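**Student:** One structure, pasted below without further comment.
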Amino acid sequence: MSEETAEIAVIGLGNAGLPLAAVAAASGIKVMGVDIDVKRCRLINQGVNPIPEEEGLEELIRLHGGEGLMATPRLEDAKFCHTFIVIVPLFVDPSFNPDFTIMENAVRSLGKILKKGDLVVLETTFPPGTTDTKIKAWLEEASGLKLGDFFLAYSPERIMTGYSLSRLREFPKVIGGTNEESGLRAYQIYKKFIPNLHLVSSAKVAEMIKVMEGCYRDVNIALANELFKIAEELGVDFFEAREYANHQYCHIHLPSTGVGGHCIPVYPWFLIKEMERIELFGHCNLLRGSRQVNDEMIHYWAEKILLRCMKIEKPLAEVKICIMGITFRAGVKEFYHSRNLALVRLLMEKGLNAYVYDPLLSKDEVERMGLRCIEPEKADLLFDPFLLRFEIPDGKAAFKGQTP
Ligand SMILES: NC(=O)c1ccc[n+]([C@@H]2O[C@H](COP(=O)([O-])OP(=O)(O)OC[C@H]3O[C@@H](n4cnc5c(N)ncnc54)[C@H](O)[C@@H]3O)[C@@H](O)[C@H]2O)c1
């Protein structure tokens, strides 16, 4: 494939963008991937998968990397494409306001190479209304074109790292335009590589779908956490009760140490902040409350750990506590908003002797975070934050969320 024959450009070849680019390439579309990470681009062009935990991706990158999927750090190399998919991150600041810096840079740079008739599709999760307002304005300003000269749509990424390929191939994906023509054009292009695609009435509806999904998960986890705490007080095995409470119309999620990652703990804030901006504070009590319930779970577990330590026949300061994982999710080496990491830090702040054992991390990696490593068998108390399980290393006692 040469630059001139590339059809679709995917801007941002991260955990979300690369699987999408690979799936498009596997459908026979010539894809130019753009990422500022030069090393990542080089690996992809050599046919080497930079996301080993992504099942099935290795084969696609081996087959298409440097061929039907070329990667480049220079956006100008994608100037012959007619469709541009943007999937770079959107972070939140410490007050949970979205920080558009990375997105604005990427979109304004894209505007400089945009041509009449081109289609731009955003995939990053946005506060509803972003594509119609900010993205459109940045593209128009940078390109000197008007919407109508180019087409603009939104299709939220609904993948989950580790399962991205099956999600892209099977899971329903929605797409909506900033006007009818944009929606139709985007649908036609995406239909070539996304089998389960649904055109919705606008970009804003598509944006809302993704944020609603995140809110549902956050509220549901908060419910599970609250019911778990109540069940413990009542002397009820939450897990047994949940098993029989769940059916077709009831799907209580699992309790946890809180909610981490880029997505679920962040998306409710998109709506909370917007309602606060227009002074409709009462419209998001449940979302705000759920955030609080989930964030406070580390205090609940810290107290449980403390009570458990007090039962060990050693001075409290000498009890070695081992937290068995600090990533935000089991099996994925990511720490963004990790409540397990926050739990270890909280225990240390409380003056407890907290250590970490995480099979995904080396001793050096743990120590660079200002934490200490321990082999599980050398600790006095193990806590698995994914299974909410306490264990004494000699294996005599194993608990599942029981009150110490
Ligand atoms: N990863 C997921 O599971 C997931 C799931 C659903 C939605 N999303 C959405 O996808 C967005 C991106 O997530 P991700 O996991 O791919 O992030 P990531 O950090 O893995 O990847 C982002 C990539 O964008 C590149 N980049 C940054 N600025 C750029 C620019 N100006 N031009 C080209 N490349 C640039 C980075 O180098 C990086 O490789 C998230 O903000 C979220 O809204 C992600």
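Readers should treat all values here as calculations from the given coordinates under stated rules, not as data from a laboratory. What you see is a predicted model, and the numbers here were worked out from it, not measured in a lab. Using ideal geometry, Cβ is built from the backbone for each residue, glycine included, and neighbour counts are taken over all protein chains shown.
**Student:** I need to check one value: relative contact order of the chain, counting alpha carbon pairs closer than 8 Å and at least 6 residues apart, in percent.
**Tutor:** Relative contact order of the chain: 11 percent.
**Student:** Something else: Spin-label point model (7 Å from Cα, Cβ direction): what's the LYS314 to GLU181 distance in nm?
**Tutor:** Result for the modelled spin labels: 7.2 nm.
**Student:** Can I ask one more? Subtracting the Cα-Cα distance from 0.36 nm times the residue separation, let me have the gained length for PHE335 to LEU223 in nm, one decimal.
**Tutor:** Length difference between fully extended and current span is 38.0 nm.
**Student:** Please give me, ordered by residue number, the trypsin sites (Lys or Arg not before Pro) of the stretch 117-173 that lie in loop per DSSP and have at most 16 other Cβ atoms within 10 Å.
**Tutor:** Passing both the DSSP loop test and the Cβ count: LYS146.
**Student:** Rounded, prolate or oblate for the stretch 52-146? Axes are the square roots of the Cα gyration tensor eigenvalues, ordered a ≥ b ≥ c, and the cut-off for rounded is a/c under 1.5.
**Tutor:** Taking the square roots of the gyration eigenvalues as a ≥ b ≥ c, the stretch 52-146 is oblate.
**Student:** Something else: Please identify every one of the chymotrypsin sites (Phe, Trp or Tyr not before Pro) in the stretch 208-278 that sits in a loop by DSSP and has no more than 15 other beta carbons within 10 Å of its own beta carbon.
**Tutor:** TYR249
**Student:** Run through the stretch 260-314 and list the trypsin sites (Lys or Arg not before Pro) located in a DSSP loop whose Cβ has at most 14 other Cβ atoms within 10 Å.
**Tutor:** LYS311
**Student:** When a footprinting reagent is the concern and you count Cβ atoms within 10 Å, what order do VAL259, VAL23, VAL174, VAL38 take, fewest first?
**Tutor:** Going from sparsest to densest Cβ surroundings: VAL38, VAL174, VAL23, VAL259.
**Student:** Just to be sure I understand: of the beta bridges DSSP finds with both ends in the chain, what percent are antiparallel, rounded to 5?
**Tutor:** 25
**Student:** Place a +1 charge on the Cβ of each Lys and Arg in the chain and a -1 charge on the Cβ of each Asp and Glu, then give the dipole magnitude about the Cα centre in debye, rounded to the nearest 20.
**Tutor:** With Lys and Arg at +1 and Asp and Glu at -1, about 280 debye.
**Student:** Here's another thing I want to ask about it. Length gain on complete extension for the stretch LEU307 to THR133, per 0.36 nm per residue less the alpha carbon to alpha carbon distance?
**Tutor:** Gain on stretching LEU307 to THR133: 57.5 nm.
**Student:** Now for a separate question. With θ taken as phi - 60° and the coefficients 6.51, -1.76 and 1.60, list the Karplus ³J(HN,Hα) couplings across the stretch 328-342 in order, rounded to whole Hz; mark glycine and proline as x.
**Tutor:** Residue by residue, the stretch 328-342 yields 6, 9, 5, x, 10, 7, 9, 10, 4, 6, 5, 7, 6, 5, 4 Hz.
**Student:** Let me ask you something else. Mind jotting down the distance between the C-alpha centroids of the stretch 120-199 and the stretch 251-293, whole Å?
**Tutor:** Distance between centres, Cα-based: 24 Å.
**Student:** For ILE230 and GLU59, what is the calculated FRET efficiency with R₀ set at 45 Å and r taken between the beta-carbons, to the nearest 0.05?
**Tutor:** According to the calculation, E is roughly 0.45.
**Student:** Counting each DSSP H run of 4 or more residues in the chain as -39500 (n - 2.57), what helix-only mean residue ellipticity at 222 nm follows after dividing by all residues, to the nearest 500 deg cm²/dmol?
**Tutor:** One gets -12000 deg cm²/dmol as the mean residue ellipticity at 222 nm.
**Student:** Report the calculated FRET efficiency for GLN292 and GLU67 (r = Cβ-Cβ distance, R0 = 41 Å), to the nearest 0.05.
**Tutor:** Given R0 = 41 Å and the Cβ-Cβ separation, E is 0.25.
**Student:** Count the net charge of all other residues whose Cβ sits under 9 Å from the Cβ of THR161, scoring Lys and Arg as +1 and Asp and Glu as -1.
**Tutor:** Within the 9 Å Cβ shell, the charges total -2.
**Student:** So if we plug the beta-carbon distance of SER201 and ARG368 into 1/(1 + (r/R0)^6) with R0 = 45 Å, what FRET efficiency do we get, rounded to 0.05?
**Tutor:** 0.40
**Student:** I've got another one for you. Classify the stretch 1-117: rounded, prolate or oblate, from the alpha-carbon gyration tensor (a ≥ b ≥ c, eigenvalue square roots; a/c under 1.5 rounded; otherwise prolate if a/b is larger than b/c)?
**Tutor:** oblate
**Student:** Given LYS210/LYS304; LYS173/LYS333; LYS136/LYS192; LYS273/LYS311; LYS204/LYS229, which pairs have Cα atoms separated by over 32 Å?
**Tutor:** LYS210/LYS304; LYS273/LYS311; LYS204/LYS229
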